[in-house]
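Have a look at the structure below before the remarks.
The values are calculated or read from the model by the stated rules, or taken from the named source; none is laboratory data. The structure displayed is predicted, hence computed values, not measured ones. All Cβ positions, glycine included, derive from the backbone under ideal geometry; neighbour counts span all protein chains shown. Side chains included, ligands, DNA and RNA excluded: accessible areas come from the protein's heavy atoms. Shrake-Rupley method; radii C 1.70, N 1.55, O 1.52, S 1.80 Å.
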Amino acid sequence: GALLFQIDPAPYKAALAEAQAVFSQAKRDFDRASTLMRQKALSPREFDQARSSFDAARAQLDTAKINLDYTTVRAPISGYTSEENVSEGTLVAADTTLLTRVTQLDPMYVEFAYPDTEAMLQRQAVASGAITLPEDKLLRVEIVFKDGTSYPKEAAIRFTDSIISPDTGTVRARAIVENAEQAILPGQFVRARVKGMTQRQAIGIPEKALMQGPMGMFVYTVNAENKAVI
C-alpha cells in the first residue's frame, strides 16, 4: 500500500472529464428515450440505440477512472524495494518500463527439485505402506546454509508440481518458511533437507556413501564375487 511512484495524471484527468461529459449526455439521452418509449413515441430500434450509447459511455467512464488510478503506483505486496530504475521526469510506458522490484522477505519461498525416479519410488512406497507420511500430510524441510548451519525454523512444503521438467527430469517443489529476522535473502542458495516420511525396516548408512548419477541417488555395494556394484 505504500506510495512508490506518481505518474503525471494530467492527461488522464482530462480523459476522465471527457468521459464524464459523454456519459452525462448519454444518460440524458437514455432518460429521454425511456420517457418517450413509455409514451410509445419512440421506436424500439431508437430506444436500443440510446441504451447502447449509454452502456458504452458508462464503460468508457469506468476505463478512464481505472487509467487515472494507475497513475498512483503503490506496493502490491509487503516487502522491500530495490533501487528505482527511473528518475523523476522520465518517460515511461505501460508493460515495458520497469520502475523497481518489490521483494517479499517474510515469509520466504524455498524452491527445490528432486529426480522423477525418486518421486515415482516414493509414490509406490507410500501406496504399499513401506513409507508413511505425517498425519497432516505435510512434509517439513530443514534449511541448511552453505556453512553447514541450520535455520532455526522449519519450512512446510505447500506445493509440488504436477509435471516433470523435460529439461532436467525433475519435479519442482516449494516450501514456505517464516523469515521475520531476514536471515534468508532472495536468490540465496541453501540446501533443503526434507523430513516427515518414515520408512519401515530401513538400514542407516553414512551420508558420504551416497552418490548421485543420471538415475538419481545410489550407493555401491559389494556382491558375492567381492566386486563393487551399483
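With Cα atoms defining each centre, the stretch 1-15 and the stretch 50-128 are spaced 19 Å apart in the structure. Set against the 2.2 N^0.38 Å expectation for a compact globular protein, the stretch 126-188 has a Cα radius of gyration ratio of 1.37.
Compared with the dominant Cα axis of the chain, that is its longest principal axis, helix 116-128 is turned about 80°. Sorted from longest to shortest, the spans of the Cα atoms of the stretch 26-71 along the three principal axes equal 46, 15, 9 Å. Close amide H pairs (under 5 Å, H built 1.01 Å from N) link L4 with V73, R74, A75, residues at least 5 positions away or on another chain.
Using the alpha carbons alone, the radius of gyration of the stretch 2-55 stands to its Kirkwood radius in an Rg to Rh ratio of 1.31. Calculated FRET efficiency, V194 and L3, Cβ-Cβ r, R0 41 Å, to nearest 0.05? In this case the efficiency is close to 0.50. Average accessible surface for the stretch 175-230: 86 Å² per residue, computed with a 1.4 Å probe over protein heavy atoms with every protein chain in place. An ellipsoid equivalent to the chain, defined through the eigenvalues of its Cα gyration tensor, has semi-axes of 62, 26, 16 Å when rounded to whole angstrom and sorted largest first.
With all protein chains in place and a 1.4 Å probe, the accessible surface of the chain carries 53 percent carbon and sulfur.
Ranked from the most accessible area to the least, with a 1.4 Å probe and all protein chains present, what is the order of E46, E225? Spell out each step's value before the answer.
Numbers: E46 90, E225 130 Å².
From most exposed to least exposed: E225, E46.
Here the peptides 145-155, 207-217 are ranked by packing, the mean other Cβ count within 10 Å, and the order with the highest first is 145-155, 207-217.
Here the average projected area of the convex hull drawn through the C-alpha atoms of the stretch 96-230 stands at 12.3 nm².
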